[in-house]
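**Student:** Sending over a structure as structure tokens; questions will come in a sec.
Readers should treat all values here as calculations from the given coordinates under stated rules, not as data from a laboratory. Quick caveat, the model's predicted, so the values are computed rather than measured. Positions of Cβ are backbone-derived with ideal geometry, glycine not excepted, and every protein chain shown enters the neighbour counts.
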Amino acid sequence: MQELKSKIVKDFQNNSNDNGSASVQIALLTSRIQGLIEHSNEHKHDYSGKRGLISLVEKRRKLLSYLRRKDNAKYQEVISSLGLRR
């Protein structure tokens, strides 16, 4: 898990010291969301897990909206590399 997280940070960071920019946070949230979707498909009655999934999706949506307002080119790059908003 830690290797995956560090790889995601390395792929989306703006510079070598960047680990909290909007693009990095969006990529990390997308990874967590994919894991929770798999969990939700296996455990249909885990309502607290679904609630957590919805909150993560909302957080990612807000970060995407922020990134779109601040840096549209970076926004386009992030959504194309993550496969969001087809």
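**Student:** Give the label of the value calculated from the structure for Rg/Rh (Cα atoms, Kirkwood Rh), choosing from (1) 1.00; (2) 1.11; (3) 1.04.
**Tutor:** From the options (1) 1.00; (2) 1.11; (3) 1.04, the structure gives (1).
**Student:** Let me ask something else. For Lys5 and Ser65 in one chain, what is 0.36 nm times their gap in residues minus the Cα-Cα distance, to one decimal in nm?
**Tutor:** 19.3 nm
**Student:** Given the peptides 54-67, 20-33, 37-50, 1-14, arrange them by the average over their residues of other C-beta atoms within 10 Å, most packed first.
**Tutor:** So the order, starting with the most tightly packed, is 20-33, 54-67, 1-14, 37-50.
**Student:** Taking +1 at the Cβ of each Lys and Arg and -1 at the Cβ of each Asp and Glu, which of Leu53, Ile33, Tyr66 sits farthest along the dipole of the chain towards its positive end, judged by Cα position relative to the Cα centre?
**Tutor:** Tyr66
**Student:** Roughly what would the spin-label model give for Leu84 and Ser31, points 7 Å off Cα along C-beta, in nm?
**Tutor:** If labels sit at Leu84 and Ser31, their model points lie 1.5 nm apart.
**Student:** Could you state the angle between the C-alpha long axis of helix 22-42 and the longest principal axis of the C-alpha atoms of the chain, as a value from 0 to 90 degrees rounded to the nearest 10?
**Tutor:** With rounding to tens, the tilt is 20 degrees.
**Student:** Okay, next question. Sequence gap of 8 or more, or different chains, plus Cα separation below 26 Å: how many lysine pairs satisfy both in the stretch 21-82?
**Tutor:** So the count of such lysine pairs works out to 7.
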